[in-house]
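K.L.:
Just passing along the structure, written as structure tokens.
The values are calculated or read from the model by the stated rules, or taken from the named source; none is laboratory data. Since the model is a prediction, treat every value here as computed from it, not as a measurement. Every residue, glycine as well, gets a Cβ built from its backbone with ideal geometry; the counts of neighbours run over all protein chains shown.
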Amino acid sequence: MSDSPATPLLDQVQSPSDLKRFSDPELLRLAHELRAETISAVSQTGGHLGAGLGVIELTVALHAVFDAPRDKIIWDVSHQSYPHKILTGRREKMPTLRQKGGLSGFTKRSESPYDPFGAAHSSTSISAALGFAVARDLGGASETGHGDAIAVIGDGAMSAGMAFEAMNNAGHLKKRLIVILNDNEMSIAPPVGALSSYLSHLYAEAPFQELKAAAKGAVSLLPGPFQEGAKRARDMLKGLAVGGTLFEELGFSYVGPIDGHDMEQLLPVLRTVKARATGPILIHALTKKGKGYAPAEGASDGGHATAKFDVITGAQKKSKPNAPSYTGVFADAIVRHAAEDDRICAVTAAMPDGTGLKKLEDRYPSRCFDVGIAEQHAVTFSAALAAGGMRPFCAIYSTFLQRGYDQVVHDVAIQRLPVRFAIDRAGLVGADGATHAGSYDVAFLSNLPGFVVMAAADEAELVHMVATAAAHDEGPIAFRYPRGEGEGVDLPERGEVLEIGKGRIISEGQGVALLSFGTRLGEVRRAAEALAAKGITPTIADARFAKPLDREMILDLAARHDALITVEEGAVGGFGSHVAKLLSDEGVFDAGFRFRSMVLPDIFIDQASPEEMYRIAGLSASDIEDMVLRLMDVAKVGGKRA
């Protein structure tokens with residue numbers, strides 16, 4: 001349906017202050033309109049749908065009760081922030097969501113004063129809210145003023161250690177701070193771990209008489225399964241030697257659980273907390289991801305992320321792939337190796353579908369581990385699996401692996417443990433923008449002694465690199481690959497174990513050599529085709545390895561050409577920097593040899609299509625062609641080296 005939904009109340013909202021004029025029944029109707037508007041907007045752009053639908057009532061209630069932007073509402077991860085954006089003056093810009101020059105898919109400080117803290121990785125909200133609370137009490141300067149600090153965090157994000165570090169500190173400082181635990185029993189994938197089990201059964205009496213009165217009868221209003229869970233939890237608590245909950249032991253007053261879709265519970269509880277809270281308080285709200293939209297509610301992931309879709313049917317309008325995805329190729333390859341070697345296992349941090357490991361989990365559930373949103377634990381857990389004689393693959397997106405870097409250094413690299421890092425979403429990723437770009441893994445891994453770092457040029461190379469990693473027991477090894485479809489090359493039935501530190505010559509030429517690391521090889525080839533029409537035939541090589549470098553191949557290319565250009569989908573400090581050091585150490589530059597390294601620029605690139613982002617980065621085929629032409633002109637002026 002292309003027609004916009006009827007939204008008479010929402011049409012009156014230009015900023016959250018407009019909600020103060022509405023009665024409670026009108027706020028409920030506003031929530032229904034906001035849900036319809038969110039569905040309509042995301043159907044046209046694609047994006048994160050289910051999380052936002054799960055917090056519609058909570059979003060309306062928060063903005064009706066509190067005074068943003070003076071009060072700081074911080075959305076953890078913030079893929080649930082679309083309804084918040086609609087209520088905070090950005091409704092007309094929703095058609096630009098996740099597009100070049102448009103609204104971010106996450107909260108972003110530069111986008112709106114109603115986004116006090118940017119977020120796209122999980123579990124940061126409580127730390128940020130505590131920072132705002134302390135800044136308030138210390139008299140910090142703020143253009144929007146200082147009021148309450150409210151963190152909205154999901155049960156999946158609450159499983160990460162950082163959330164508990166923040167709660168422990170907040171309980172110690174005893175600052176007025178409000179944490180809303182949005183418990184939808186699902187983060188991106190179904191949550192795992194003891195905390196999830198704890199939350200699903202938890203119930204405790206409200207600590208304040210006022211809150212007891214405000215939420216009187218709340219349990220009886222809960223859906224049947226929640227009532228049963230509350231009863232079981234009460235019975236469980238009676239047997240504890242020390243009363244109270246985990247959160248109260250951390251220094252938080254606990255209120256809940258309440259029905260996060262019932263405005264008659266949300267509004268009085270939030271109003272009472274605003275009026276009465278003195279220290280840190282946690283409100284436990286039970287919600288349903290995808291609430292109010294049947295296709296999302298029925299999806300296994302609650303409609304977490306979607307392409308454009310038909311509002312009536314929920315059918316997504318995805319283009320048919322021309323080639324298998326890199327993620328799918330990795331998944332098929334690791335399943336084949338696991339079938340042949342019962343020492344192979346895999347670890348992921350709350351991304352079984354995103355990393356493709358769901359296929360392995362379905363086939364070999366005892367050897368596939370989803371540890372929740374806990375990348376640090378995932379890395380150290382993998383290290384110990386390796387020390388224990390297993391062959392673990394630790395599959396984590398490039399941007400998320402950054403969160404476990406200390407563990408990569410200390411627990412894996414220093415101990416030379418053979419953990420195999422499967423690094424998905426390498427390079428620029430499109431609509432999710434700078435927060436999800438895989439820009440730095442080559443630089444931060446190739447600096448570590450004993451690490452092997454590979455990048456697949458296409459999906460066939462990825463199959464070979466999975467085989468190479470599976471066979472490598474001498475230390476840590478990593479292979480990176482991008483989001484999306486492959487090049488469409490023929491896939492080998494079985495991966496070949498590559499010789500460590502050896503690249504390959506793709507085609508011979510003269511004058512200038514193009515040395516690619518990763519999937520820019522396709523752009524290098526297209527640049528070479530354009531150059532051929534101008535009478536220039538560069539040599540093309542695929543490095544395969546950033547660590548260790550193929551010294552023999554690189555020095556041979558330098559000896560036989562006037563210039564060398566490296567091309568990669570990573571930041572400065574990565575592959576090109578290591579090649580430059582090799583050439584410098586070998587004295588190649590002393591003879592007038594010319595070298596250029598094409599890398600991601602020293603900026604954060606906002607969301608756009610991957611093709612647009614690489615054009616902004618200066619790494620398209622035409623950019624590579626221009627670099628060759630500039631170098632060739634310089635070479636002609638300066639003359640060839642002796």
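K.L.:
Inside the range 1-65, counting only helices (runs of 4 or more DSSP H) that do not spill past its ends, which hold 2 or more residues that are in contact with an Asp or Glu (Cβ under 8 Å, 6 or more places away or on another chain)?
P.N.:
24-45
K.L.:
State whether one or more residues within the range 273-283 are outside any helix (DSSP H, G or I), under 24 Å from the mean Cα position of the chain (by Cα), of a type in the set (Val, Ile, Thr) and at pLDDT 90 or above.
P.N.:
Taking every residue of the range 273-283 in turn, none turns out to be outside any helix (DSSP H, G or I), under 24 Å from the mean Cα position of the chain (by Cα), of a type in the set (Val, Ile, Thr) and at pLDDT 90 or above.
K.L.:
Also: When both residues are 6+ apart or on different chains and their Cβ atoms are under 7 Å apart, which pairs have a first residue that lies in the range 547-575 and is farther than 9 Å from LEU515 by Cβ, and a second that is among the hydroxyl-bearing types (Ser, Thr, Tyr) and not in a loop (DSSP other than H, G, I, E, B)?
P.N.:
LYS547/SER446; HIS561/THR539; GLY574/SER446
K.L.:
From LYS100, LYS93, LYS175, grab the single residue that is farther than 21 Å from PHE66 by Cβ, assigned to a loop (DSSP other than H, G, I, E, B) and among the basic types (Lys, Arg).
P.N.:
Only one candidate passes the filter, namely LYS100.
K.L.:
Can you tell which of ALA528, ALA559, ALA543, ALA571 is surrounded by fewer than 18 Cβ atoms within 10 Å (Cβ to Cβ) and hydrophobic (A, V, I, L, M, F, W, C)?
P.N.:
Exactly one of ALA528, ALA559, ALA543, ALA571 is surrounded by fewer than 18 Cβ atoms within 10 Å (Cβ to Cβ) and hydrophobic (A, V, I, L, M, F, W, C), namely ALA559.
K.L.:
Follow-up. Looking at the range 106-125, can you tell me whether even one residue there is part of a loop (DSSP other than H, G, I, E, B), more than 25 Å from ASP18 (Cβ to Cβ) and over 18 Å from the mean Cα position of the chain (by Cα)?
P.N.:
no
K.L.:
Here's another thing I want to ask about it. Residues SER142, SER122, SER110: which one is surrounded by 24 or more Cβ atoms within 10 Å (Cβ to Cβ) and small (Gly, Ala, Ser)?
P.N.:
Values: SER142 fails: surrounded by 24 or more Cβ atoms within 10 Å (Cβ to Cβ); SER110 fails: surrounded by 24 or more Cβ atoms within 10 Å (Cβ to Cβ).
Within the list SER142, SER122, SER110, the selection yields SER122.
K.L.:
Can you pull out every residue in the range 19-28 that is surrounded by fewer than 17 Cβ atoms within 10 Å (Cβ to Cβ) and not hydroxyl-bearing (Ser, Thr, Tyr)?
P.N.:
LYS20, ARG21, ASP24, PRO25, GLU26
K.L.:
Can you tell me which condition GLN227 does not meet? The list is (1) part of a loop (DSSP other than H, G, I, E, B); (2) modelled with pLDDT under 75, and all the others hold.
P.N.:
Unmet condition: (1).
K.L.:
While we're looking at this one, here's another question. Is at least one residue of the range 462-476 touching a residue at least 12 places away in the same chain (Cβ under 8 Å), buried (at least 18 other Cβ atoms within 10 Å of the Cβ) and either within 30 Å of PHE117 (Cα to Cα) or of a type in the set (Lys, Arg) (or both)?
P.N.:
No, the range 462-476 contains no residue that is touching a residue at least 12 places away in the same chain (Cβ under 8 Å), buried (at least 18 other Cβ atoms within 10 Å of the Cβ) and either within 30 Å of PHE117 (Cα to Cα) or of a type in the set (Lys, Arg) (or both).
K.L.:
Quick one: which of GLY488, GLY438, GLY511, GLY495 is at positive phi and crowded, with 18+ Cβ neighbours inside 10 Å?
P.N.:
Working: GLY488 fails: crowded, with 18+ Cβ neighbours inside 10 Å; GLY438 fails: at positive phi; GLY495 fails: at positive phi.
Result of the check over GLY488, GLY438, GLY511, GLY495: GLY511.
K.L.:
So is PHE381 outside any helix (DSSP H, G or I), aromatic (Phe, Trp, Tyr), touching a strand residue (DSSP E or B) at 6+ places or on another chain (Cβ under 9 Å) and farther than 30 Å from LEU97 by Cα or not?
P.N.:
No.
K.L.:
Also, quick follow-up: Could you tell me whether any residue of the range 537-547 is in a helix (DSSP H, G or I) and either aliphatic (A, V, I, L, M) or at negative phi (or both)?
P.N.:
No, the conditions are met nowhere in the range 537-547.
K.L.:
From the list GLY145, GLY139, which residue is part of a loop (DSSP other than H, G, I, E, B), among the small types (Gly, Ala, Ser) and in contact (Cβ under 8 Å) with a residue 40 or more places away in the chain?
P.N.:
Numbers: GLY139 fails: in contact (Cβ under 8 Å) with a residue 40 or more places away in the chain.
Step by step, each of GLY145, GLY139 is checked, and only GLY145 is part of a loop (DSSP other than H, G, I, E, B), among the small types (Gly, Ala, Ser) and in contact (Cβ under 8 Å) with a residue 40 or more places away in the chain.
K.L.:
Does the range 401-422 include one or more residues that are outside the structural domain of THR107 (by TED's automatic domain parsing), surrounded by fewer than 24 Cβ atoms within 10 Å (Cβ to Cβ), closer than 23 Å to ILE616 by Cα and out of contact with any His (no Cβ under 7 Å at 6 or more places or on another chain)?
P.N.:
The answer is no; no qualifying residue exists.
K.L.:
Moving on to the next point. For ALA431, which of the numbered conditions (1) in contact with a strand residue (DSSP E or B) (Cβ under 9 Å, 6 or more places away or on another chain); (2) surrounded by fewer than 24 Cβ atoms within 10 Å (Cβ to Cβ); (3) outside any loop (DSSP other than H, G, I, E, B) fails to hold?
P.N.:
It is condition (3) that ALA431 fails.
K.L.:
Quickly run through the range 384-424 and pick out the residues that are of a type outside the set (Val, Ile, Thr), free of Cβ contacts under 8 Å to residues at least 60 places away in the same chain and in a helix (DSSP H, G or I).
P.N.:
Passing the criteria: ALA384, LEU385, ALA386, ALA387, LEU401, GLN402, GLY404, TYR405, ASP406, GLN407, HIS410, ASP411.
K.L.:
What do you reckon, is GLY328 within 21 Å of the chain's Cα centre (by Cα), surrounded by fewer than 17 Cβ atoms within 10 Å (Cβ to Cβ) and touching a residue at least 12 places away in the same chain (Cβ under 8 Å)?
P.N.:
So GLY328 passes the test.
K.L.:
Here is a further query. Give me the pairs, please: first residue somewhere in the range 353-365 and surrounded by fewer than 24 Cβ atoms within 10 Å (Cβ to Cβ), second residue anywhere and part of a helix (DSSP H, G or I), beta-carbon distance under 6 Å, and either six or more positions apart or on two chains.
P.N.:
Final answer for the pair search is LYS359/ALA331; LYS359/VAL335; ARG363/VAL335; TYR364/ALA338.
K.L.:
Return yes when VAL442 is modelled with pLDDT of 95 or more, assigned to a helix (DSSP H, G or I), of a type in the set (Val, Ile, Thr) and farther than 19 Å from ILE396 by Cα and no when it is not.
P.N.:
No; evaluated as a whole, the condition is false for this residue.
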